[in-house]
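Novice: Below: one structure in structure tokens.
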Amino acid sequence: MVDPSTALPTALATRFRVARRLRSAGVADTFLVHDVRDARASVLHLLPVFPNPLATARFVREMGIGIQALSEPHPNILAVLEAGEADGVPWYATPLVEKEWLADRLARESRLPLDGALRIVRDVAHGLAYAHQR
């Protein structure tokens, strides 16, 4: 088990119990965590500290707007359960989804069949269209 006192900001270490570190997803460090409030497994995404405190406040505000706007789930959008800032570190939590990462599939197959690639692009486009409508 990852030591939460070193993996998470102090303000989050009492809320989430770290099971293990997952891969970095874009710019975020991700952790498989147990949310002690509702006893569910989640993925906690910790972003780099923004150089400007106003940028952190804007991130938290925009994540809140997104959470409200996307309150009805869509199969092509990963729900954000909650977002905030802890000890200056912006974070958000998502449900745990046990699926293969596209990067892993591309590393294994190196080239996707055309119908598979088109399905991925179509799913992403449907998710983006849904989000932008809201």
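Novice: Scan the stretch 67-93 residue by residue and report those that are surrounded by 14 or more Cβ atoms within 10 Å (Cβ to Cβ), under 23 Å from Val49 (Cα atoms) and either among the aromatic types (Phe, Trp, Tyr) or over 13 Å from the mean Cα position of the chain (by Cα) (or both).
Specialist: Glu85, Ala86, Val89, Trp91, Tyr92, listed by residue number.
Novice: Output the number of residues of the stretch 5-37 satisfying the condition of being among the charged types (D, E, K, R) and within 22 Å of Lys99 (Cβ to Cβ).
Specialist: In the first step, residues of the stretch 5-37 are kept if they are among the charged types (D, E, K, R); the result is 15, 17, 20-21, 23, 29, 35, 37.
With within 22 Å of Lys99 (Cβ to Cβ) added as a condition, the list becomes 20-21, 23, 29, 35.
So the count comes out to 5.
Novice: Is one or more of the residues making up the stretch 94-110 out of contact with any Pro (no Cβ under 9 Å at 6 or more places or on another chain), buried (at least 16 other Cβ atoms within 10 Å of the Cβ) and on the phi < 0 side of the Ramachandran plot?
Specialist: So in the stretch 94-110, the residues out of contact with any Pro (no Cβ under 9 Å at 6 or more places or on another chain) come out as 94-110.
Subset that is buried (at least 16 other Cβ atoms within 10 Å of the Cβ): 94.
Now narrow it down to the ones that are on the phi < 0 side of the Ramachandran plot: 94.
Looking through the stretch 94-110, at least one residue is out of contact with any Pro (no Cβ under 9 Å at 6 or more places or on another chain), buried (at least 16 other Cβ atoms within 10 Å of the Cβ) and on the phi < 0 side of the Ramachandran plot.
Novice: Right, another one. From the list Asp123, Asp115, pick out the single residue that is loosely packed, with under 11 Cβ neighbours inside 10 Å, among the charged types (D, E, K, R) and either at pLDDT 90 or above or more than 23 Å from Val43 (Cα to Cα) (or both).
Specialist: On the way: Asp123 fails: loosely packed, with under 11 Cβ neighbours inside 10 Å.
When all the criteria are applied, what remains is Asp115.
Novice: I'm told Val121 meets every condition in (1) farther than 21 Å from Arg20 by Cα; (2) β-branched (Val, Ile, Thr); (3) within 19 Å of the chain's Cα centre (by Cα) except one. Can you identify the failing condition by its number?
Specialist: (3)
Novice: When you look at Ala41, is it more than 17 Å from the chain's Cα centre (by Cα) and among the small types (Gly, Ala, Ser), yes or no? I'd like the intermediate steps shown before the answer.
Specialist: Details: more than 17 Å from the chain's Cα centre (by Cα): no; among the small types (Gly, Ala, Ser): yes.
Taking the combined requirement at face value, the residue does not satisfy it.
Novice: Of everything in the stretch 17-48 that's modelled with pLDDT under 80 and not hydroxyl-bearing (Ser, Thr, Tyr), which residue is surrounded by the fewest Cβ atoms within 10 Å (Cβ to Cβ)? It would help to see each step written out before you state the result.
Specialist: Residues of the stretch 17-48 modelled with pLDDT under 80: 23-27.
Keeping just the survivors that are not hydroxyl-bearing (Ser, Thr, Tyr) gives 23, 25-27.
Working: Arg23: 10, Ala25: 13, Gly26: 7, Val27: 9.
Ranking the candidates gives Gly26 first.
The values are calculated or read from the model by the stated rules, or taken from the named source; none is laboratory data. Just so it is clear, the structure is predicted and the values come from calculations on it, not from any experiment. Because the Cβ atoms are built from the backbone with ideal geometry, glycine has one as well, and the counts that use them run over all protein chains shown.
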